[in-house]
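What follows is a short report on a single structure.
The values are calculated or read from the model by the stated rules, or taken from the named source; none is laboratory data. Worth saying up front: this structure is predicted, and the values here are computed from it rather than measured. Here the Cβ is made from the backbone with ideal geometry for all residues, glycine too, and neighbour counts use every protein chain on show. What goes into the accessible areas is simple: the full protein's heavy atoms, side chains included, and nothing from ligands, DNA or RNA. Shrake-Rupley method; radii C 1.70, N 1.55, O 1.52, S 1.80 Å.
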Amino acid sequence: MSKDCGNHGGGKEAAVRRLCGAIIAFIIIVLITIFLVWVILRPTKPRFVLQDATVFAFNLSQPNLLTSNFQITIASRNPNSKIGIYYDRLHVYATYRNQQITLRTAIPPTYQGHKEDNVWSPFVYGTAVPIAPYNSVALGDEQGRGFVDLMIRADGRVRWKVGTLITGKYHIHVRCPAYINLGNKAAGVLVGDNAVKYTLITKCSVNV
């Protein structure tokens, strides 16, 4: 009787080992398939262009407080012919000399198909945002000369879609220089009573 029970227990252990081996083999095959497809297709990161910025407000006051309100137009292109891109999260904001000067504005999650373009026009703004004293001095000097040199940023997460396979999430960081001629409204197009729309057409750096 004891020998039968021992054999029965050994059979269960063997079945469990075979099941675990099959699961591990399946996972390895899936990972190898994804890797091979990835290498063969060679995905290219999306391209971003900052097309324009409409300035509704940009006021630096004492002590070192900045109130600003922009509407920007940013375009993204998926250059891949066989790979789609899921933008699961993307937040846009403005910085000056690496200091954030506006709140983050969320762009709705979207899917970008093969060779497809997307255009977003979010508002980025901040009210009485404290600015570092040395940045406040530099920004005041730039305003006095008529130009301000800002950076429009977009940070988020993306996934790649290859056929029916969807990868995990990757960080994406977009940086778009915005050199705006605030001192000359004639350099832009008047929008309403106070806002001015400036055409920029600036290529952005993208890191994924």
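Please work out the FRET efficiency for the pair Y111 and D155, using the Cβ-Cβ distance as r and a Förster radius of 22 Å; give the result to the nearest 0.05. It comes to 0.70. A Cβ-based charge dipole, computed about the Cα centre of the chain with Lys and Arg at +1 and Asp and Glu at -1, lands at about 820 debye. Projecting the Cα positions of N69, P130, V49 onto the charge dipole of the chain (unit charges on Cβ atoms of Lys, Arg, Asp and Glu, taken about the Cα centre) puts V49 furthest along the positive direction. Label sites at L65 and R47, each approximated as a point 7 angstrom past Cα along Cα to Cβ, lie 4.4 nm apart. Pairwise Cα distances in the chain exceed 25 Å in 53 percent of cases.
For the stretch 63-137, with all protein chains present and a 1.4 Å probe, just round the carbon and sulfur fraction of the accessible area to a whole percent.
Result for the stretch 63-137: 55 percent of the exposed heavy-atom area is carbon or sulfur.
Compared with the alpha-carbon gap, the fully stretched path from T95 to Q143 is longer by 15.7 nm at 0.36 nm per residue.
At a temperature of 37 °C and a viscosity of 0.692 mPa s, determine how fast the stretch 74-130 diffuses translationally according to Stokes-Einstein, using the Kirkwood radius over alpha-carbon pairs as Rh; express D in µm²/s, rounded to the nearest whole number. After rounding, the answer is 253 µm²/s. Our summary gives the stretch 41-187 a relative contact order of 25 percent, counting only alpha carbon pairs under 8 angstrom and 6 or more residues apart.
Provide the per residue accessible area, probe 1.4 Å, for the stretch 12-139, rounded to a whole number of square angstrom.
Per-residue value: 57 Å².
Each other residue within a Cβ distance under 12 Å of L182 adds +1 if Lys or Arg and -1 if Asp or Glu, for a net charge of 0.
Name the shape class, rounded, prolate or oblate, that the alpha-carbon gyration tensor gives for the stretch 135-201, where a ≥ b ≥ c are the square roots of its eigenvalues, rounded holds for a/c under 1.5, and otherwise prolate holds if a/b is larger than b/c and oblate otherwise. Prolate shape, in that a/c is at least 1.5 and a/b is the bigger ratio. Ordered from highest to lowest accessible area with the whole protein assembly present and a 1.4 Å probe, E142, E13, E116 read as E13, E116, E142. Please identify the trypsin sites (Lys or Arg not before Pro) of the stretch 128-188 that satisfy two criteria: DSSP loop assignment and at most 15 other Cβ atoms within 10 Å. Which are they? Loop-located and lightly packed - K169. When you filter the chymotrypsin sites (Phe, Trp or Tyr not before Pro) in the stretch 140-208 for DSSP loop state and at most 16 other Cβ atoms inside 10 Å of their Cβ, you are left with F147. Taking 7 Å steps out from each Cα toward its Cβ at K169 and V16 produces label points 3.5 nm apart. With both labels modelled 7 Å from their Cα along Cα-to-Cβ, the D193 to V119 distance reads 2.9 nm.
Which lysines have a Cα less than 19 Å from the Cα of K82, not counting those fewer than 8 places away in the same chain? Straight-line reach from K82, under 19 Å: K45, K115, K161, K169. The mean sequence separation of alpha-carbon pairs under 8 Å and at least six residues apart, normalised by the residue count of the stretch 124-201, gives a relative contact order of 26 percent. Lysines near K12 by alpha-carbon distance under 27 Å, same-chain residues fewer than 8 away left out - which ones? Of all the lysines, those that pass the test against K12 - Cα under 27 Å, at least 8 places apart if same chain - are K3.
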